[in-house]
Amino acid sequence: MAYDIKKPESRTLGQNRIRWAEQQMPVLRQIREHFAETQPLKGLRVAGCLHITSETACLARTLMAGGAELALCAANPLSTQDEVAAAMALDDGVSVYAYRDEDNKTYYRHIDQVLETQPQLIMDSGADLISELHKQHPGRVADVLGATEETTTGTARLSSMARKQILKFPVLAINHARSKYLFDNRYGTGQSTLDGLMRATNMLLAGKKLVICGYGWCGKGIAMRARGLGAIVIVVEINPIHALEAAMDGFLVQTIEQAAAQGDIFITATGALNVIRRSHFEQMKSGAMLCNAGHFNSEIEVQALEQMAEHKQELRPYLWSYQLGAKNLLLLAEGRLVNLACGEGHPASVMDMSFANQALALAHLALNHRSFVPRVYPIPDEIDEQVAHLKLQAMGIEIDQRTQEQLDYQGSWELGTR
Ligand code: ADE
């Protein structure tokens, strides 16, 4: 078995971390037991481009229990937990090609190495693996039965490939599952983004003006949690509905031009390009801090910041100060995902639902791939609701069922005002 990892000596630490995550992933544990009996992925080569974390290791164990052969690379050069990569490669038999702080060349080499395993099923997060496969290895596309995509950003990229008729196999969009985005994007990103920011800086958020660009589910979660910590939250949006939601949720809504001069902390969560750019850096206060919670490092125009600065200095790990004349601006994690670079990403109990969707979606593709065409599909409602039911069960929460009378009423039209 081949792999490329950085810290083989840290495998025991990795195993301990995986065990801790596993305890908080009851849905995935249950699916794993079921997979061990039913072998839905038996003999299938599965490849994943995911953040290499203890939660991903629990997903890996589930898929392997279901009979898969697994190769993984990182979905971000800064998100890999090296000890977990070591445990997965050395103890669990996963072909892991990832280490923390890999440069871009290594990042793409690792993607290439995973593609060399000739996958039949793919799990992507951000769509780098699938786009590289189509660009660099068109001859290997025919092996692929189908794929899953974890993120909003990746789903948008793959939908663009489908519209342009470039996509050559079906993709199930995990992010469309309500049991994913309502929890992972909102509560996961909400908590882990602020956790990453606080671990990296040890800064007090109370009383700070915190500007959030994007009020999708991630932005909503960050805003809600930042308010809980006492920050004065300003939301920046381009979508009128989202902007209105933010206003009625009680946040200040401003343009980025208005917010640039006021903010103490800026967090991007849009999926868009250069949301905070040169003209905004020029207006910012000295000491303003910038970080990103969106999938790619494209939301803050770091290149412009590099060009504008006379010099830069690392103040703490992943925290750089850029000197621009008399003022300095602070950038976290090079503008990459702050929650995974400066923290540990989303907590296991929320990844439990996202990765339960992943595991069930792969099994669904393995069984039904012939009924799909090359397109991006939402996760089937049955899978989505199954995940929610299993999570509720694991949390010891019971819910009601409709009575027969209610079922009849719901399907009828005769009865109105009484
Ligand atoms: N994405 C966000 N948080 C994550 C985590 N803990 N593991 C894998 N992917 C993630």
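The values are calculated or read from the model by the stated rules, or taken from the named source; none is laboratory data. Computed from a predicted structure; not experimentally measured. Reconstructed Cβ throughout: ideal geometry from the backbone, glycine too, with neighbour counts over all protein chains shown.
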Within the range 23-45, how many residues turn out to be in contact with a Pro (Cβ under 8 Å, 6 or more places away or on another chain) and either within 16 Å of the ligand (Cβ to nearest atom) or within 12 Å of residue 351 (Cα to Cα) (or both)?
1
Please tell me if residue 416 is in contact with a strand residue (DSSP E or B) (Cβ under 7 Å, 6 or more places away or on another chain) and farther than 30 Å from residue 31 by Cβ.
no
Residue list for the range 154-195, filter: touching a Ser or Thr at 6+ places or on another chain (Cβ under 6 Å) and either of a type in the set (D, E, K, R) or under 14 Å from residue 293 (Cβ atoms) (or both):
180, 184
Would you confirm, using the coordinates I've provided, whether residue 305 is hydrophobic (A, V, I, L, M, F, W, C), surrounded by 20 or more Cβ atoms within 10 Å (Cβ to Cβ) and outside any strand (DSSP E or B)?
yes
Candidate set from the range 220-235 (those that are in a helix (DSSP H, G or I) and without any contact (Cβ under 8 Å) to a residue 60 or more places away in the chain); member that is farthest from residue 275 (Cα to Cα):
228
Residues of the range 396-413 being under 30 Å from residue 28 (Cα atoms) and surrounded by 10 or more Cβ atoms within 10 Å (Cβ to Cβ), which ones?
402
Given the options 121, 72, 90, 63, name the one that is touching a Lys or Arg at 6+ places or on another chain (Cβ under 7 Å), in contact (Cβ under 8 Å) with a residue 40 or more places away in the chain and not aromatic (Phe, Trp, Tyr).
90
Those residues of the range 163-191 which are β-branched (Val, Ile, Thr) and either more than 15 Å from the ligand (Cβ to nearest atom) or surrounded by fewer than 21 Cβ atoms within 10 Å (Cβ to Cβ) (or both) amount to 166, 171
So is residue 117 modelled with pLDDT under 95 and within 24 Å of residue 359 (Cβ to Cβ) or not?
no
Out of all the residues in the range 131-152, which are within 16 Å of the ligand (Cβ to nearest atom) and β-branched (Val, Ile, Thr)?
148, 151, 152
The condition from (1) surrounded by 24 or more Cβ atoms within 10 Å (Cβ to Cβ); (2) closer than 21 Å to residue 357 by Cβ; (3) within 16 Å of the ligand (Cβ to nearest atom) that residue 128 misses is numbered (1)
Going through the range 323-358 in order, the residues found to be closer than 19 Å to residue 303 by Cβ, in a helix (DSSP H, G or I) and within 16 Å of the ligand (Cβ to nearest atom) are 333, 338, 341
Is it true that some residue in the range 2-24 is touching a strand residue (DSSP E or B) at 6+ places or on another chain (Cβ under 7 Å), acidic (Asp, Glu) and either in contact (Cβ under 8 Å) with a residue 12 or more places away in the chain or assigned to a helix (DSSP H, G or I) (or both)?
yes
Answer yes or no: is there a residue in the range 220-234 that is surrounded by fewer than 23 Cβ atoms within 10 Å (Cβ to Cβ), of a type in the set (Val, Ile, Thr), under 26 Å from residue 322 (Cα atoms) and out of contact with any helix residue (DSSP H, G or I) (no Cβ under 8 Å at 6 or more places or on another chain).
yes
Can you pull out the helices (runs of 4 or more DSSP H) entirely within the range 75-158 that have at least 3 residues that are within 30 Å of residue 218 (Cα to Cα) and among the hydroxyl-bearing types (Ser, Thr, Tyr)?
104-115
Which numbered condition trips up residue 370, out of (1) surrounded by fewer than 21 Cβ atoms within 10 Å (Cβ to Cβ); (2) touching a Phe, Trp or Tyr at 6+ places or on another chain (Cβ under 8 Å)?
(2)
Given the criteria buried (at least 24 other Cβ atoms within 10 Å of the Cβ), touching a Leu at 6+ places or on another chain (Cβ under 7 Å) and at pLDDT 95 or above, does residue 365 qualify?
yes
If you go through the range 197-223 one residue at a time, how many are among the charged types (D, E, K, R) and within 21 Å of residue 182 (Cβ to Cβ)?
1
Out of (1) more than 16 Å from the ligand (Cβ to nearest atom); (2) buried (at least 24 other Cβ atoms within 10 Å of the Cβ), the odd one out for residue 120 is which?
(2)
Tally up the residues in the range 131-151 that are more than 24 Å from residue 2 (Cβ to Cβ) and crowded, with 24+ Cβ neighbours inside 10 Å, please.
3
